[in-house]
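Down below is the structure, laid out as structure tokens.
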Amino acid sequence: MSVEAMTMVTISGPEKMAYTAVKNLVVNRQFHPESAIKLLSGVKELVPFDSSNPYADPLARACDIAKTLDLELDYRDFTKSAPDLYEASEYLNNLSSRVSGMWEEKEGKTSLVKNNEVVIEQLSHFSTFNVELSNLFTMKYVKFRFGRLPVETYKDCLKAIDERPDVYFVSSGSHGRWVYGAYFALPEAYGKIEAIFASMGFERIRIDVQGNVADPADEVIKRLKAENAEAAERIKELDAELSSIKQAESEKLLLIYSWLRFESDSFDVLTYAGRRHGKFYIIGWIPKSISESYASECESYDGFACFLTDPREIRETQPPVKFKKGFLSDIYQPYLEMYGLPAYGEIDPRLFLGITYTVLFGIMFGDVGQGLSLAAIGLLLWKLKKVWLGRIVALCGLSATIFGFVYGSVFGDEELLPWGFKVLEDGNTIKILLIAVVIGTGLLMICMIMNIINGIRQNDIKKVFFSPNGIAGFVFYMGIAVAVVFKFALGKNIFTAPFIICVIIFPLLLIFAATPLTNLIKGEKKWMSESVGMFFVEGFFEMFETLLSYVSNTVSFLRVGAFAISHAGMMMVVYMLSSGSGGGHSIGGLIFGNIFVTGLEAMLVCIQVLRLEYYEMFGRFYTGGGVKFSPKTINYKAADSAVVR
């Protein structure tokens, strides 16, 4: 089994030692905590630890300082020189005062430069007006607006205002698709003039010179540029000072940060604990393989007690799932997590998923050249970008390459290799569809076997014996499959009366009466439904749905063969379209066609195989709904001051 067995552990001891227990026995250990208040809800006078975290604020301050100094958060060993809380707070307060003052000044200077640059850009289109800005902004008898017009409407705008004596436009130059300038209008006609310019796409530019309107625009620009140069010089000085502080204080800051992170995150774990009559109670899950040594370690602390409980005795919560390592299992784990983790005790389907997904993809996308291309793309995605999907694409590409040799197809060319199962040859299309159905039938029977194993593990009588995917369903489905093979492959009819009664009718009756039979075996008094009529009605529809699912799930595997055929068909079309009048082929057309088919088919096949996994196969044996094993491990690179995962 590739899922580790779990044991529930309950630790108790003197209340004043609760924090010690968390730091030494929970944090950074293989310990998945549960709420003691929830699990011990029947225990009277059990209350939570409700003290506020004294390390949270200093930790947040340390994170802020590191961010200001552009210092990457990381772990520093504090075990030999751990500070106390007062010392750490004083250090951070002093450092924060120094750094924040410089940072605020730098932000102010940076903001000043940005604002000045906006004004300079605005005035640059205004500098041809050799007048004092105050003369324009304080006119009483004429309305003045500065802005820009699109080049395409500029001439039309001039025509529209040329005949009007109450307005004129003065251009100050053009840039790109805009003409810059100002219009002057009499106050009583301003509303109409504004509407005309608005209809022509005029965009007003508001000039904010911060009260410096006593000079012409070019004089203001010179003054603002000088101010920006002075501010830029000061920003360099501040950057140098901050860099010096970073170099001098980084190690001590990271050491204090690491200690605060450990203390704060450990303190937060106390929210899982409970206290009663001077004792603390901490409950969680640990791997069964370390349970004995862990219990011995707990009891080595003065006044501590440790109790181990088998998961089968727990009803309030289910054990978390911790996967064991496995090459193929690890690669396909993200696909499983998309569907849901297995419930505790279920078969881990990762290896089954990895094998079947890889093989089915290869059957549906068999091509040597395109398969190797996918494998190369997948490896690049994984090695360069660390994309988890890259490893799956690489494996699927290798599988497609192997089946490409089976089909004798290299970049869609079936003539390069002298051998191969040519998909589009006469009779082969039917064969590959039949092979797909046979493969699907075999996979569904494997899924039923896994469902029976799950039922045995979970002590579920109905799942093992009477469900459509239990022994009754397996006998029925396998019997039909064997009978069909005998009939059409060997020419023998085994649909005799004894066969029909034992293999078809009897299993169906067991499935139909699954609930009352299960209740009888369990010894329940009310083993039969109170309404016999409703029992038969519900049973009829459930039986109809069961039979329909057998057919639909089996037929769904036709898509495996259908995609193999469509892939070969699409490549045949590529070669037809790229063929020339002289009998050759266009290299560009072949390259484009292969890229197009590879991208499209790879995406479609990925989706279709995943659909077969999730709906046709997982639906027959897999429940999911498991909880991931999440030990409380401190992430020293986290920026959030309260992150514990």
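Tabulated values for the structure
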| item | result |
| --- | --- |
| Efficiency of FRET between PHE184 and ARG223 - r from beta-carbon atoms, R0 25 angstrom, step 0.05 | 0.45 |
| log10 of Debye I(q)/I(0), alpha-carbon scatterers only, for the chain at 0.08, 0.10 Å⁻¹ | -0.96, -1.05 |
| The stretch 408-465: GluC sites (Glu not before Pro) falling in loop per DSSP and having at most 16 other Cβ within 10 Å | GLU415, GLU425 |
| Diffusion constant of the stretch 469-612 at 4 °C, which comes from Stokes-Einstein with the Kirkwood Cα-pair radius and 1.567 mPa s, µm²/s | 65 |
| D (Stokes-Einstein, µm²/s), Kirkwood Cα radius, the stretch 565-623, 0.890 mPa s at 25 °C | 182 |
| The chain - share of DSSP beta bridges that are antiparallel (%, nearest 5) | 95 |
| Angle between the chain longest axis and helix 217-269 axis [Cα atoms, degrees, rounded to 10] | 30 |
| Neighbour-limited loop hits for chymotrypsin sites (Phe, Trp or Tyr not before Pro), the stretch 509-603 (at most 15 other Cβ within 10 Å; DSSP other than H, G, I, E, B) | TRP527 |
| Computed [θ] at 222 nm, deg cm²/dmol, the chain (DSSP H ≥ 4; -39,500 (n - 2.57); rounded to nearest 500) | -18500 deg cm²/dmol |
| For the stretch 212-347, the spread of Cα positions along each principal axis, largest first, Å | 87, 45, 30 |
| Straight-distance crosslink candidates among lysines, where the alpha carbon sits under 16 Å from LYS492 and sequence neighbours closer than 8 are dropped | none |
| Relative contact order [Cα under 8 Å, 6+ residues apart], the chain, whole percent | 21 |
| Unsatisfied cross-links (Cα-Cα over 18 Å) in the set LYS322/LYS637; LYS324/LYS628; LYS114/LYS225; LYS67/LYS106; LYS23/LYS80; LYS383/LYS632 | LYS322/LYS637; LYS383/LYS632 |
| Nearest-ten-degree value, helix 56-68 long axis tilted from longest Cα axis of the chain | 60 |
| Per the chain, cysteines lacking a partner by the 4.7 Å Cβ criterion | CYS63, CYS157, CYS396, CYS447, CYS502, CYS606 |
| Using alpha-carbon coordinates, inclination of helix 388-407 to the longest axis of the chain, degrees | 50 |
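Coordinate-derived values only; no laboratory data. Predicted model only: the values in this text are computed from it and were never measured. Every residue, glycine among them, receives a Cβ derived from its backbone with ideal geometry; neighbour counts consider all protein chains shown.
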